[in-house]
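A.B. asks: Structure incoming, see below.
We did not get these values from a lab; they are worked out from the coordinates using the rules stated. No experiment lies behind these values; they were computed from the predicted model shown. Here Cβ is always computed from backbone atoms with ideal geometry, including for glycine, and neighbour counts include all displayed protein chains.
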Amino acid sequence: MSTTLQTTNFYRGPHASISKILLNSSSSLSFIKDILKDFISSENEIDKEYTFNKGLAIFYMLQYTSNKKLNDNRLWKSEKVEWVRALLSVFEYENNFLGFVGLAGFLNGYQLLKSNKKRKKIGELISEVENAFLKSIDSIVDQVNEDAKKETITYICAQCISFISIAQLRELNSKTRLMHLLMSVVLENPRLFQDGKFLDEIEQDITKNQSWNAKSFKVLEEKVNDIFFKELSKISLAISKLTQIVNNNDISSLLLRINKFSINLYKTWDESPTLSLTKEDSLEPENKENMKLLWQVFKFILFTITMIFKSIADRSLFEPHIFENQERMMILLTYSYLYFITSKFSLYGFSVYKKVFFNILNQIIVNNNSGEMIDIIKNIELDMNVYKPHEKCRVVYYLLVIEQVIKVLDDNYLENHILPAFDKILLNNDDDNIFESANAVILSIFYNQKRVIKELSLYYCNYILLMYPLKINIRQLRIAYTAVLKSLSDIDDTLVWLCLDILIKKIESISNPNTGSISQNTTNKDLEQQLINQQEQINQKLKVFEQKKQDEQENLVKAILYLKKGHLLLTLIDQIKSINLIFMENLLTKIKEFFKQEKENEIKSNSNIGLFALQKVLFDVLSNEIDYTKKNVGINWWLNEGR
């Protein structure tokens, strides 16, 4: 069945004969009213068992009819007004479910007129139709128990409510009941998210690598192609609009229900055999396509919930009282259980998700409520010793939240409850996202100059040098080292120099790459062995002589060490921007010593490209990237000593 307004000259769907009569301008209004009454009555009597498709047939017939009539330029405005009021009186009289469905279609036909034509067609009469529609909802919403009728109300509200103004929606007496009904349909209905139980239907077939026509995947395919599923974006907009007019207790109960759903989904996914195939390594090509269906459903779940959260978060900017009952915690906690879906997009999901996430966290930061933040962290924290992909996703989410709220986080809580777990994360974790997120937390600690930075600085400087280049790249190294020294420069000059000294000694430990054997030159044994092993494999394939193998191994390691030393020198030059004036000349003197060594090395190798590049970086820093007081010292040093 079509989900859009038909634009043909004649209605071709069900009940076409009724539509034709209602549009017949030669028929009297009393005759048209009688026809419509008889039609609704007969539909109520023909089949006592209501179906979703039956409701849609009536909805779209009347949608087409009202739109066609009101868009007819041959009719006078007065004729249209009389016709609308005549049909409206029938719907008000037929105070039953099918009367509501017909009225909704009748209203939606008007709503779909081009906006610049609405006033021209029937003026302000639309308000009367909308009021009748809202009263009709009030009269039937508490009587609806069947799934098919709940689906119909949800579908109809998705089409109509977004057009109705907030001021007018406030007149809806059953707004709370309606919001919860729509939400329960989205989360529980078998045609939609089914409280996550759709995972139970697919787990057996996917683990057996059955074909596309396997029953469970057929069900999943039918779900995503269902007319009801395709309207999820409109349904979420309807719920979002209702969140603008309910009270804070209603918001709290809605968020609690969504949170319960997210926990159920997470637990079901955790127990599903399908989880072991997340990376699709064991799937046949045909079933890799089937897995995309599953993730399509997951992503719709996240989109739908995020649209609702966005509406609530936007409202809270003007009505902060709606966040009195820990609603922020409910949103952040829900997102922690859904992060295994979010991470499929990116670290911070998609744009709307990112906006909601940071909006909520910014409110906490602005309120400077450390107690609230600790409560949230306690609720989302989990054991760091995790192995399943979705569990690792929750760890990443936990770290992302901490990174953003470090500024307002209590120092004692940070030092005693959060940081103790970081040793294991930083040194023994093979998950790149967890590794990078943990380092982002540490950098945030330095950026916000938390109390612990004095104790942490020397350890972290040694740590990042240990991790380079196997776990972090040169860009990350430079950013991290600069963050540490900048934060310390305002606090403790002694620590600044100790951190500089760690870097200086690291550079000094890298021997001259033009002399000595590999074992003497290399300080990073893991890197050495890795390079040698790679070279041996290449040489075995090429069947070269043993002496040539040894030469190539030495040259390869020398090249890597030369590059590494250059990168460390770049990092050292960066610190000119971070340190205070008292260390300026000492640091420049040390840099000059390293440049002298590089010059001697390059003379022997008949190349000065590397040194020239380093000198250019140093000049740029001294001339453009430091404050006036340091620039004066730097330029004088360059003119006298640097060249």
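A.B. asks: Work through the residues other than residue 588 whose Cβ is under 12 Å from its Cβ and net out their charges, Lys, Arg +1 and Asp, Glu -1.
C.D. replies: 0
A.B. asks: Moving on to the next point. Report the one residue of 371, 400, 342 whose Cα lies farthest in the direction of the positive end of the charge dipole of the range 324-411 (charges on C-beta: Lys and Arg +1, Asp and Glu -1; origin at the Cα centre).
C.D. replies: 342
A.B. asks: Take the alpha carbon atoms of the range 72-107, find their center, do the same for the range 441-489, and report the distance between the two centers in whole angstrom.
C.D. replies: Each part's Cα centre sits 70 Å from the other's.
A.B. asks: Once you put a point 7 Å from the Cα of residue 17 and another 7 Å from the Cα of residue 498, both along the Cβ direction, what distance in nm separates them?
C.D. replies: Roughly 9.4 nm, to one decimal.
A.B. asks: If I take R0 = 45 Å and measure r between the Cβ atoms of residue 369 and residue 49 in this structure, what FRET efficiency does the formula 1/(1 + (r/R0)^6) give, to the nearest 0.05?
C.D. replies: Using R0 = 45 Å, I get an efficiency of 0.25.
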